[in-house]
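One structure is given below, encoded as structure tokens.
The values are calculated or read from the model by the stated rules, or taken from the named source; none is laboratory data. None of these values were measured; they are calculated from a predicted model. Here the Cβ positions follow ideal geometry from the backbone for every residue, glycine too, while neighbour counts run over all protein chains shown. Surface areas here come from the heavy atoms of the whole protein model, side chains and all, with no ligands, DNA or RNA. Shrake-Rupley method; radii C 1.70, N 1.55, O 1.52, S 1.80 Å.
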Amino acid sequence: MANDSQLMDKLVSLCKRRGYIFQSSEIYGGIGSVWDYGPLGVELQRNVKEAWWRAMVHERDDIEGLDAGILMHPRVWEASGHVAGFTDPLVDCKACKARFRADQLEESSCPRKPSVQPGEYRDCQLTEPRLFNLMFKTFMGPVEDAAAVVYLRPETAQGSYVNFQNVLNAGRQRIPFGIAQVGKAFRNEITPGNFIFRTREFEQMEMQFFVEPGTDDEWFEYWKAKRIEWIQGLGVRAERLRFHEHGPTELAHYAKRAFDIQYEFPFGWSEFEGVHNRTDFDLRRHQEYSGKKLEYVDPMDRDKRYLPYVIETAVGVGRTMLALLADAYHEEEIEGENRVVLRLQPRVAPTKVAVFPLVRKDGMPEFAEKLQREVRAAGLPSFYDDSGSIGRRYRRQDEAGTPFGITVDGQTIADGTVTVRHRDTLRQERIDAGRTVAHVRELIR
Ligand code: GAP
């Protein structure tokens, strides 16, 4: 599926049509690389975050949750190495004022002259590469001077490091244990793009697992396996997933070892999650810059003190959603007609049930409305649709990824049964209407 730009275009337009994802500030012509999640997008996003939180926090006793601020003390970013090291090498054009990533000159072209081939800079006057920091800056308080500069965090991880002792003590944890966070991060990316793949504002789901030095290699392997298992558990096809180990030039400034989990997106294999061995780099630097001891003292042997090593798992919410959407997208022919279907796993699908009265008469709307009220009261996101032929209504829900359709027809009025239509197999079964909620719950589990 590599470089399937047509598929990408179809996905982007489906996302807009069905209310998954809109371009930010669209009525003003949009703003670069920021996207808004619409009614279905926000449900999918919540379900992805919920699935991650459940697997990483609720189902374990060795990981605690945290929600740290986006704005942090500016020294945090000096200690973490982001002020000095979170940079891309850039080349400026003195003629047209455009900027290019020095390591991507071959693939880019002058934005002022779109007809020029990638790698050609005919009238450009390119400077030598210079380092450009990717952190967004703003000012805290009423005075806009250097002393008031703060950064929008480029990763959630630092909030977990500076709270290491707080969470350790409050959670009565012992090493090994982890801190999990879900939250926004910001990077002034030079080459954002590919829809929600690389944006300047995005959300991360990160977990920092603190371990005794010497046990880090073992935990690193453990978390690699756990994380690929998680995404497969959300229904992503195994053949579209692989590991990529970072070579020496790819390793971030904090990492001893790093693996990406890559997905085969329509534009090719790309990272959607990273598993990093960050050693004691971050805790050591925060200890040094803050002057506060961050050592762990083993409660069983108080002479045993050390700075823990950290195994980090870091995944973007948007990238996970893009992988799920790309993997779920199918076009197929059914009885001579084309249908587009999003085969999202019921657990993550935004709407679980659509309710359809077959026709708008003979008591069917009243029955269907009552049924939908019951479904809604049970906390199952649902959609009521009574317009157009039943076939067209099914197609709309297939495209939206709704796994189950409940149809109220003439027989319903006679014997109180409804049909349940399964999105993927098109199987239809008849059940007692009173069992709808219980039945759908069983199917989703
Ligand atoms: N704390 C480590 C860290 O931030 P990273 O590999 O730079 O590591 C982790 O980012 C994950 O965050 C990536 O695998 C990706 O899913 C997501 N991510 C990073 N930059 C992003 C961007 N500009 N847009 C969307 N997601 C991004």
**Report entry** Relative packing of peptides 73-83, 26-36, 388-398 - highest average C-beta neighbours within 10 Å first
**Finding:** 73-83, 388-398, 26-36
Report summary line: So, with points 7 Å from each Cα along the Cβ direction, the ARG343-ARG284 label distance in nm works out to 4.8 nm
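Please compute the net charge surrounding ASP415, taking Lys and Arg as +1 and Asp and Glu as -1 over other residues with Cβ under 15 Å from its Cβ.
Combined, the nearby Lys, Arg, Asp and Glu give -2.
What share of Cα pairs, in percent, lie more than 17 angstrom apart in the stretch 245-319?
59 percent
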Report task. First measure r as the distance between the Cβ atoms of GLU442 and GLU26, then evaluate 1/(1 + (r/R0)^6) with R0 = 45 Å and state the FRET efficiency to the nearest 0.05. Result -> 0.65
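Counting only helical runs of four or more DSSP H residues, what would the 222 nm mean residue ellipticity of the chain come to if each run contributes -39,500 (n - 2.57) and the total is spread over all its residues?
Result for the chain: -8500 deg cm²/dmol, rounded to the nearest 500.
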Report task. On the full set of protein chains, 1.4 Å probe, figure out the accessible area of LYS10 and give it in Å² to the nearest 10. Result -> 80 Å²
Report summary line: Each label sits 7 Å from Cα toward the beta-carbon; between ALA225 and GLU59 the label points are separated, in nm, by 1.5 nm
Query raised in the report: In degrees, nearest 10, range 0 to 90: what is the angle between the Cα axis of helix 317-328 and the longest Cα principal axis of the chain?
Result: 40 degrees
Query raised in the report: In whole angstrom, how far apart do the alpha carbon centroids of the stretch 393-443 and the stretch 125-147 sit?
Result: 56 Å
Report task. Enumerate the residues in the stretch 327-351 having an amide nitrogen under 16 Å from the point lying 7 Å beyond the Cα of ILE431 toward its Cβ. Result -> 346-347
**Report entry** Positive-end residue of LEU168, GLY214, ALA258, charge dipole of the stretch 147-272 with Cβ unit charges
**Finding:** LEU168
Requested in this report: Could you name the lysines whose alpha carbon sits less than 23 Å from that of LYS184, not counting residues in the same chain fewer than 8 places away?
Outcome: LYS16, LYS49, LYS137
Requested in this report: Describe numerically, in nm with one decimal, the distance between label points set 7 Å from Cα along Cα→Cβ at LYS304 and at VAL359.
Outcome: 7.7 nm
Requested in this report: Could you pull the Cα extents of the chain along its three principal axes, largest to smallest, in whole Å?
Outcome: 77, 69, 48
Report task. On a C-alpha basis, how far is the centre of the stretch 247-318 from the centre of the stretch 1-36 in Å? Whole number, if you could? Result -> 33 Å
Query raised in the report: Could you name the lysines in cross-link range of LYS94, using Cα to Cα under 18 Å and dropping any fewer than eight places away on the same chain?
Result: LYS113
Report task. Could you tell me which of the pairs LYS226/LYS293; LYS226/LYS352; LYS256/LYS304 are separated by over 30 angstrom between their Cα atoms in the structure shown? Result -> LYS226/LYS293
Query raised in the report: Tilt of helix 281-290 relative to the longest C-alpha principal axis of the chain, in degrees (0 to 90, nearest 10)?
Result: 60 degrees
